[in-house]
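Worksheet: one structure, shown below.
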Amino acid sequence: MMTQEQCTHRNNVQSSEKPQVYKVGIYGWRKRCLYFFVLLLMILILVNLALTIWILKVMNFTIDGMGKLRITEKGLKLEGESEFLQPLYAKEIQSKPGRPLLLQSSRNVSVNVVNSNNQLLTQLITGSNGIKARGKMFEVKSTSGKLLFSADEQEVVVGAERLRVMGAEGAVFSKSLETPHVRAEPFKELRLESPTRSLQMEAPKGIQILAEAGDIQAICRNELRLESKDGEITLDARRIRLMQLPEGKASTSSSSSGTRQTVYEVCVCPNGRLFLSQAGTGSTCQISISVCL
């Protein structure tokens with residue numbers, strides 16, 4: 001039998017051999033901080049979700065586009081007014097059927113066409129100073145496709161049936177002008193004038209100058225020449241007036257004294273000059289030919 005002292009020692013040994021248990025987890029202030037951060041994260045997620053829904057609602061996001069901007073099979077469709085702060089690149093811009101297309105800018109609107117090397121080929125600028133166009137050729141056509149106006153480096157073509165010049169000073173041409181018909185407005189005067197140079201009219205089949213209800217005046221400073229190389233010059237009128245023709249002086253022996261002469265004969269010098277000679281029973285041009293010298 002064991003004594004009491006041995007039993008006590010055995011119990012102490014058995015109690016020392018029992019496994020020790022450790023507590024695992026977050027306790028105290030660490031646990032409270034974790035719950036606080038989780039709660040703050042949930043609040044941020046809810047606020048972010050609410051802001052996202054609000055932005056989608058305000059911007060009108062749909063599966064077709066955003067706001068007035070719609071994505072279609074043909075491209076982008078924009079309704080209403082829009083403002084572009086940067087350059088716009090597009091293949092085609094067109095308005096809604098039956099509605100106008102308005103391009104507005106505080107400075108200018110420029111349309112540029114470039115090649116693959118980014119070199120400028122054609123340019124159209126509308127600004128406060130006017131409209132400027134740059135290109136190899138400029139054409140204006142009607143709705144039926146008829147050419148109304150064309151301009152390039154070689155020539156300017158006006159394809160309209162009639163060209164009207166409304167300026168008070170008319171039109172000034174530094175070079176030649178080719179046209180089949182020049183006509184003034186009804187009840188207006190037509191004036192062809194060259195202030196410092198000569199005025200020349202040429203036509204292979206003839207030139208017709210017609211004034212149905214008025215006069216025709218040809219005024220020059222030095223000489224007015226009417227020349228026909230292969231034909232003749234015809235003056236057909238009820239009355240032909242030749243003003244300020246020089247009067248040839250007849251010799252004393254052949255001149256008649258007495259009453260003043262009121263009848264004259266029109267004579268022509270060998271050089272083409274016209275002069276008047278006092279009429280007699282016969283021709284007096286030979287007598288007064290001294291005026292031709």
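When the solvent-accessible area of the chain is split by element, carbon and sulfur atoms take up 54 percent of it, the probe being 1.4 Å. Taking only alpha carbon atoms, segment 107-224 gives an Rg to Rh ratio of 1.08, where Rh is the Kirkwood radius.
Over all other residues within a Cβ to Cβ distance under 14 Å of GLU193, the charged ones net out to +1, with Lys and Arg as +1 and Asp and Glu as -1.
Could you work out which residue, out of LEU276, LEU44, LEU34, moves most in a Gaussian network model of the chain, that is, has the largest mean-square fluctuation with Cα springs under 10 Å? Top of the fluctuation ranking is LEU276. For the chain, the equivalent ellipsoid derived from the alpha-carbon gyration tensor has semi-axes of 116, 19, 17 Å in decreasing order.
Restricting segment 137-233 to chymotrypsin sites (Phe, Trp or Tyr not before Pro) that sit in a DSSP loop and have at most 12 other Cβ atoms within 10 Å of their own Cβ leaves PHE173, PHE187. Each residue of segment 120-132 was assigned a 3J(HN,Hα) from its phi angle through the Karplus expression (A = 6.51, B = -1.76, C = 1.60, θ = phi - 60°), giving 6, 9, 9, 9, 10, 10, 10, x, 5, 8, x, 10, 10 Hz with x at Gly and Pro. Under the simplified labelling scheme, the TRP54-VAL157 pair shows an inter-label distance of 6.6 nm, with each label point 7 Å from Cα along Cα→Cβ. Within the listed set VAL58, VAL158, VAL114, the residue fluctuating most in the Gaussian network model of the chain (springs between alpha-carbon atoms under 10 angstrom) is VAL58.
Between ALA213, ALA279, ALA171, the Gaussian network model of the chain with springs among Cα atoms under 10 angstrom shows the greatest mean-square fluctuation at ALA279.
Stretching LEU245 away from GLU232 to a fully extended chain increases their span by 2.4 nm, per 0.36 nm per residue minus the current alpha-carbon distance. Working from label points 7 Å from Cα in the Cα-to-Cβ sense, the ASN222 to PHE149 distance is 3.9 nm.
Using a probe of 1.4 Å on the protein chains alone, the accessible area found for CYS285 is around 30 Å². Using every pair of separate Cα atoms, the Kirkwood estimate puts the hydrodynamic radius of segment 84-126 at 12.6 angstrom.
The values are calculated or read from the model by the stated rules, or taken from the named source; none is laboratory data. Note that the structure is a prediction, hence the values are computed from the model and not measured. So basically every Cβ, Gly included, is an ideal-geometry build from the backbone, and we count neighbours across all protein chains shown. SASA here: full protein model, heavy atoms, side chains in, ligands and nucleic acids out. Shrake-Rupley method; radii C 1.70, N 1.55, O 1.52, S 1.80 Å.
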